[in-house]
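Chemist: Mind having a look at this structure? Questions to follow.
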Amino acid sequence: MVADAEGTRRWANWADERRQPWWIGWLAHIALLLAAVGLVVGILFAAEILSGTNVAVTAITMTGLAGVTGVSAFAARWVHSVLSGRLDMLSQALEASPDAQLVVAPDGRIAYANTAFHDLFPQAEAAPLVRIAEAVADSDASADFARLRQRAAAGSRAIAALPLRDARGGAAGWFSIAVNPIAGRPGYSFWNLQDITARHEMEAVLHDERNRVVDFFDDAPVGFYSVDAGGRFLFVNQTLARWLGSTPAEIVGSGLVLHDFLATAPAPGTAPSDPIGAGDDGGQGGEIVLKARDGRLLHVSIGQSTVGAGGELRTRSVVRDLTPEREWETALRLSRERFQRFFANAPVGIALIDRFGRLEETNRALAELCGALPQDLIGQPLIGFVTEEDRRAMAVKLAAAADGPTHPEPVEVRLKGPRDRTCVVFLSRLDGSDGGDGGLMLHFIDVTEQRNLEIQFAQSQKMQAVGQLAGGVAHDFNNLLTAMIGFCDLLLMRFRPGDPSFADIMQIKQNANRAANLVRQLLAFSRQQTLQPRILDITDVLVELSHLLRRLIGENIELKVVLGRDLGLVKVDQGQFEQVIINLAVNARDAMSGGGTLTIRTANVNQATSLRRAPEIMPPGQYVLIEVADTGIGIPKTNLARIFEPFFSTKEVGSGTGLGLSTVYGIVKQTGGFIFVDSAPGKGAAFQIYLPRHQLAEATLAARAETAELPAVKDLTGIGTVMLVEDEDPVRIFGARALRNKGYTVIEAKSGEQALQLIRAADKPIDLLITDVVMPHMDGPGLVREVRETHPDMKVIFISGYTEDSFRQKLDADSEIDFLPKPFSLKQLAGKVKEVIGSGPG
C-alpha cells in the first residue's frame with residue numbers, strides 16, 4: 001500500500017498543478033516576491049534609521065509594501081483553499097463511483113486508483129495493467145486486452161467488453177474496459193472498468209431468444225415468405241428456400257419474384273403478390289404447384305394475408321408442402337389395394353359376417369371351399385354351408401364368439417361343396433375400436449389333406465404293428481412247419497404208397513402245407529414274403545388264369561375279361577400276382593351268391609398328376625391298371641376303411657380267415673403298386689390295381705436274365721462236406737439227416753460261435769455253409785462275414801422264415817449267397833444244395 005499512497009500523493013500534487021488557472025500561479029509567485037521585497041525594505045529601513053535618513057518617507061514606503069505583501073499572501077491562501085476543496089470533491093466523486101477507475105503513469109505504475117479498483121484487483125505487488133491482464137478469462141479476451149494496451153500506449157481511445165476472473169480465480173463477470181489518453185500529460189492514461197455482467201446476460205438471453213425465433217421460422221416444417229406489391233421477396237425462411245432448391249439470401253438478393261416459381265403461368269391480370277389468382281387483395285389461399293430451381297415440381301397449399309396497400313403492400317404467407325400427404329394418400333391407396341389382393345388371393349378362406357351370421361365379404365378361397373362364386377355367398381347365412389353334423393357346434397361357437405372373448409378357440413367343421421372339406425375355423429370379434437359393428441371375422445384353414453394324412457399315418461402304423469406281429473408269428477411257424485414237413489418226408493421214405501401209414505403221413509404233410517400257405521399270407525400282408533419278380537405280360541397271365549377262375553367262381557357267375565391293347569409290361573412275382581386275382585375273384589363270388597358278373601379289365605394309364613384316394617396318394621407316372629369289378633351286394637361305407645385290415649371279415653364265422661384282402665394289399669404294396677376300391681351297398685365293388693409300367697427294352701433284357709430256368713434236377717444225391725448251422729433243433733436234425741441220406745458229410749452247429757470254431761478247427765475243407773439268418777448272439781450274416789475273412793471262396797446258403805431283403809442289406813453288395821426260404825421240403829433242400837455245390841467255385 002506504500003506504493004499506492006505515494007502514487008495518491010503524486011496524483012494530488014499533479015492534480016493541484018493541473019487544475020489551477022495559469023494566472024493564479026503567477027499571482028502566488030508575485031505575492032511571495034513582494035513579501036521578499038518587503039523583508040528587504042524592512043532591513044533597509046532599519047538601516048536608514050540607524051543612518052539618520054527620513055524616517056517618515058521610509059515608513060510610508062514600508063507600510064505600502066507591507067500591505068501589498070499581506071494582500072498577496074491572503075490571496076494566495078484563498079486560492080489554495082479553493083483548489084483544495086475542488087480536489088477533495090473530485091477525489092470523493094471518483095471514490096464513490098461503482099466503476100473501477102485508474103490513472104496509469106508513463107512508467108506503468110498507478111498514478112491514481114479508486115477503492116473499487118483495489119477491491120477488484122487486490123494484488124498490491126503487481127503493476128495495475130498486469131493485474132487486469134491476469135484477470136482476463138480466456139485467450140481471445142487476452143488478445144483483446146493486449147490491443148487495448150497497444151491503443152493506450154499509442155495515445156488513442158479504445159473500449160472492449162471482456163470477461164474477468166476475481167482474485168480467487170472465480171468468474172467476476174463481464175466488464176466494459178475503456179481507456180482514454182489524458183490531454184497535456186503524455187504517457188498518462190485513464191482506465192474505466194464498468195461491470196456489465198447483468199447487461200451481458202440480458203443481451204445473451206435476448207440473443208438466444210432471437211436465435212430461437214429465427215431457428216423456428218427457418219427450420220419450421222412449413223415455409224414462410226413475404227413479398228411486396230411487385231412480388232419481390234422481402235423474406236424467405238430456410239425451409240421454403242430448400243424446397244425451391246435455393247437459399248434465402250439468393251432468393252431475396254437476386255430480385256426474383258413470386259411468379260418465377262409458379263409451375264404454370266398465372267392468369268392475365270393476376271397481382272404479382274397473388275400466387276393463387278384469387279384476385280382478393282385481403283388474402284388468398286389454395287393449392288398450387290411450385291417449380292424449384294432444378295425443375296422439380298412441388299405441390300403446396302398456401303395461406304396468405306396482406307397488410308398495407310399500394311406500394312406499401314406486404315404479404316404474410318405460409319406454405320405447406322402437400323408432397324407427404326400425396327405420398328400418404330398414394331401409400332394408403334396402395335396399401336388398400338395390397339390388402340384387397342391379399343384378401344382376395346389368400347390361400348385360406350376369409351369371411352366377414354354380421355351379427356346375424358350373414359356373410360358380408362368373402363374371398364375366392366372360401367368360395368372354392370363352398371363350391372360357389374364369391375358374389376353368390378354375400379348375404380347368405382354361413383351356417384347353411386356347414387354340414388348337418390357340424391352345424392350345432394358351429395352355431396354354439398358363433399354365439400360364444402359374439403358375446404365372449406375377442407379371439408375364442410377355433411372350431412373344426414366340414415363345409416358342403418362338390419367334395420366335403422374339413423376346415424379349422426378361427427374366429428375374431430370386430431369391436432367398435434376395430435371399425436366393426438360387432439360382427440365376426442373368420443379364417444377357414446383347409447385341413448382335409450392333413451386329416452387324410454393323419455388317418456393314413458395311423459392306418460400305416462396299425463398295419464405296420466400288425467405286420468410285425470404277423471411276421472414274427474410267421475417266422476416261428478416256418479421253423480415248426482419246416483420240421484413237420486421235413487420229418488414227414490423222412491417218414492415217407494420208409495413206407496410205400498400202398499401202406500396205410502403212408503396215407504396218414506401224407507395227410508399230415510398236406511395240412512402242414514396248408515399251414516405254410518397261411519403263413520405265406522401272413523408274410524404277404526406284412527410285406528415280408530420272399531418274392532421272385534419277373535417281367536410279365538399281364539395279358540398272358542390273365543388268359544392262362546381265366547380257365548381256373550371260371551371253375552372257381554361257379555356257373556351262375558359270368559366272367560368277362562376285357563384286355564387292353566398294347567398293354568405294358570410289369571415286374572411282379574407271377575405266383576403272388578395270381579394269388580391277388582384269385583383272392584379278389586373269391587371275394588367277388590361270395591358277394592354274388594345269387595349270381596352276377598365278374599369283370600376283369602386292363603388298360604394303360606398315364607397319370608399326369610398325383611392321384612389322391614384317401615388315405616393313399618399315387619404319384620404321377622405310367623401304370624398298368626387291372627380292375628376287378630363285380631355286381632354283388634357292395635361294401636358299406638363304414639367298412640371301406642377296414643377291408644384291408646388283417647382278420648377283418650364280414651363273412652360268417654368259419655367262412656374265411658380275414659386275410660384275403662390284407663394279403664392282396666400286402667402283395668400289391670410290396671410290388672410297388674397301389675390298390676383302390678369303389679363300392680356302395682347294392683352297387684357292387686370295383687378294385688383298381690395300379691402297377692408301375694416297365695419299358696420294353698429294359699423288360700426284354702431282364703426277362704432273358706430272370707426267366708432262364710435251371711434244368712430240372714432228378715438225381716438229388718451228391719458228395720461234399722456241408723456245415724449246417726441252425727439254432728432250432730428239429731430243423732437242424734431234419735436237415736442233417738436229409739443231407740446225409742443224399743450222400744453228404746454234415747457237420748452240425750447250434751450257434752454261429754460254435755460253427756466258427758468248427759470251421760477253424762476243421763482238418764478238411766468245407767464245401768458249403770448252410771446257416772439260419774436269425775440266431776442268438778452271432779447271426780447268420782455276422783457268421784458269414786467272419787468266415788469270408790479266412791475262407792473267401794466258401795459257398796453259402798441262407799435259410800430263413802423272413803424275406804431275403806432282411807439280411808441282404810447286412811452283407812456286401814457283391815456277396816454271392818443263395819437263399820432257401822422256410823418252410824422247405826427234403827426235395828427242395830437237397831435240390832438247392834446240389835445246385836449250389838455243382839455251380840463251380842464260390
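Chemist: Here are ALA161, ALA76, ALA146, ALA59: which of them is assigned to a helix (DSSP H, G or I), modelled with pLDDT of 85 or more and open to solvent by less than 60 Å² (accessible area, probe 1.4 Å)?
Modeler: On inspection, the qualifying residue turns out to be ALA146.
Chemist: Here is a list: LEU625, LEU640, LEU659. Which entry is modelled with pLDDT of 80 or more, open to solvent by less than 60 Å² (accessible area, probe 1.4 Å) and either in contact with a strand residue (DSSP E or B) (Cβ under 7 Å, 6 or more places away or on another chain) or under 24 Å from LEU545 (Cβ atoms) (or both)?
Modeler: LEU625
Chemist: Would you check if there is a residue in the stretch 99-121 being open to solvent by 20 Å² or more (accessible area, probe 1.4 Å) and at positive phi?
Modeler: Within the stretch 99-121, one or more residues are open to solvent by 20 Å² or more (accessible area, probe 1.4 Å) and at positive phi.
Chemist: Which of the following residues is open to solvent by 30 Å² or more (accessible area, probe 1.4 Å) and of a type in the set (A, V, I, L, M): LEU377, LEU373, LEU366?
Modeler: LEU373
Chemist: Separate question: When THR270 is evaluated against the numbered criteria (1) in a loop (DSSP other than H, G, I, E, B); (2) open to solvent by 40 Å² or more (accessible area, probe 1.4 Å); (3) of a type in the set (Val, Ile, Thr), which criterion, by number, is the only one it fails?
Modeler: So THR270 meets the others, but not (2).
Chemist: List pairs: first residue in the stretch 486-509 and exposed (fewer than 13 other Cβ atoms within 10 Å of the Cβ), second residue assigned to a loop (DSSP other than H, G, I, E, B) anywhere in the structure, Cβ distance under 8 angstrom, at least six positions apart or on different chains.
Modeler: Once the first residue is exposed (fewer than 13 other Cβ atoms within 10 Å of the Cβ) and sits in the stretch 486-509, its partners that are assigned to a loop (DSSP other than H, G, I, E, B) give SER501/PHE495.
Chemist: Another question, if that's okay. Out of ILE553, ILE538, ILE581, report the one residue that is in contact (Cβ under 8 Å) with a residue 40 or more places away in the chain, open to solvent by less than 50 Å² (accessible area, probe 1.4 Å) and over 22 Å from PHE676 (Cα atoms).
Modeler: Result: ILE553 is the single residue among ILE553, ILE538, ILE581 that is in contact (Cβ under 8 Å) with a residue 40 or more places away in the chain, open to solvent by less than 50 Å² (accessible area, probe 1.4 Å) and over 22 Å from PHE676 (Cα atoms).
Chemist: Among the residues of the stretch 786-807, count how many are open to solvent by 70 Å² or more (accessible area, probe 1.4 Å) and either in contact with a strand residue (DSSP E or B) (Cβ under 8 Å, 6 or more places away or on another chain) or modelled with pLDDT under 70 (or both).
Modeler: Residues in the stretch 786-807 being open to solvent by 70 Å² or more (accessible area, probe 1.4 Å) and either in contact with a strand residue (DSSP E or B) (Cβ under 8 Å, 6 or more places away or on another chain) or modelled with pLDDT under 70 (or both): 1 in total.
Chemist: So, one more: Which of the residues spanning the stretch 237-265 are out of contact with any Pro (no Cβ under 7 Å at 6 or more places or on another chain), open to solvent by 20 Å² or more (accessible area, probe 1.4 Å) and either without any contact (Cβ under 8 Å) to a residue 24 or more places away in the chain or within 23 Å of VAL307 (Cα to Cα) (or both)?
Modeler: ARG242, THR247, PRO248, ALA249, GLU250, VAL252, GLY253, SER254, GLY255, LEU256, ASP260, ALA265, listed by residue number.
Chemist: Same structure again: Using the structure shown, decide if LEU234 is open to solvent by less than 40 Å² (accessible area, probe 1.4 Å) and among the hydrophobic types (A, V, I, L, M, F, W, C).
Modeler: When the stated conditions are applied, LEU234 does not pass them.
Chemist: Let me ask something else about it. Please find, among GLU312, GLU329, GLU337, the residue that is closer than 30 Å to ASP274 by Cα and modelled with pLDDT under 85.
Modeler: Only one candidate qualifies: GLU312.
Chemist: Anything in the stretch 526-553 that is out of contact with any Pro (no Cβ under 9 Å at 6 or more places or on another chain), polar (S, T, N, Q) and at pLDDT below 70? List them, or say none.
Modeler: Within the stretch 526-553, GLN528, GLN532 meet the criteria.
Chemist: Mind checking whether some residue in the stretch 747-754 is at pLDDT 90 or above, open to solvent by 20 Å² or more (accessible area, probe 1.4 Å) and closer than 19 Å to LYS832 by Cβ?
Modeler: Within the stretch 747-754 (the criterion being at pLDDT 90 or above, open to solvent by 20 Å² or more (accessible area, probe 1.4 Å) and closer than 19 Å to LYS832 by Cβ), the answer is yes, since at least one residue qualifies.
Chemist: If you don't mind, there's one more thing I want to ask. Show the residue pairs meeting these rules: Cβ distance below 8 Å; 6+ apart or different chains; first residue within the stretch 154-166 and under 16 Å from ARG199 (Cα atoms); second residue basic (Lys, Arg).
Modeler: From the stretch 154-166, the pairs are ALA160/ARG147.
Chemist: When you check LEU523 against the structure, is it within 20 Å of LEU584 (Cβ to Cβ) and modelled with pLDDT under 85, yes or no?
Modeler: In short, yes.
Chemist: Kindly indicate the residue of the stretch 215-246 that is farther than 19 Å from LYS291 by Cα and charged (D, E, K, R) and also modelled with the lowest pLDDT among those meeting that condition.
Modeler: Across the stretch 215-246, the extreme among qualifying residues is ASP215.
Chemist: Just need a number here: residues in the stretch 323-374 that are on the phi < 0 side of the Ramachandran plot, free of Cβ contacts under 8 Å to residues at least 60 places away in the same chain and touching a strand residue (DSSP E or B) at 6+ places or on another chain (Cβ under 7 Å).
Modeler: The total comes to 10.
The values are calculated or read from the model by the stated rules, or taken from the named source; none is laboratory data. Predicted, not measured: the structure shown is a model, and the values here were computed from it. Neighbour counts are summed over all protein chains in view; Cβ atoms, including those assigned to glycine, are modelled from backbone coordinates with ideal geometry. Please note that ligands, DNA and RNA were not included when accessible areas were found on the heavy atoms of the full protein model with its side chains. Shrake-Rupley method; radii C 1.70, N 1.55, O 1.52, S 1.80 Å.
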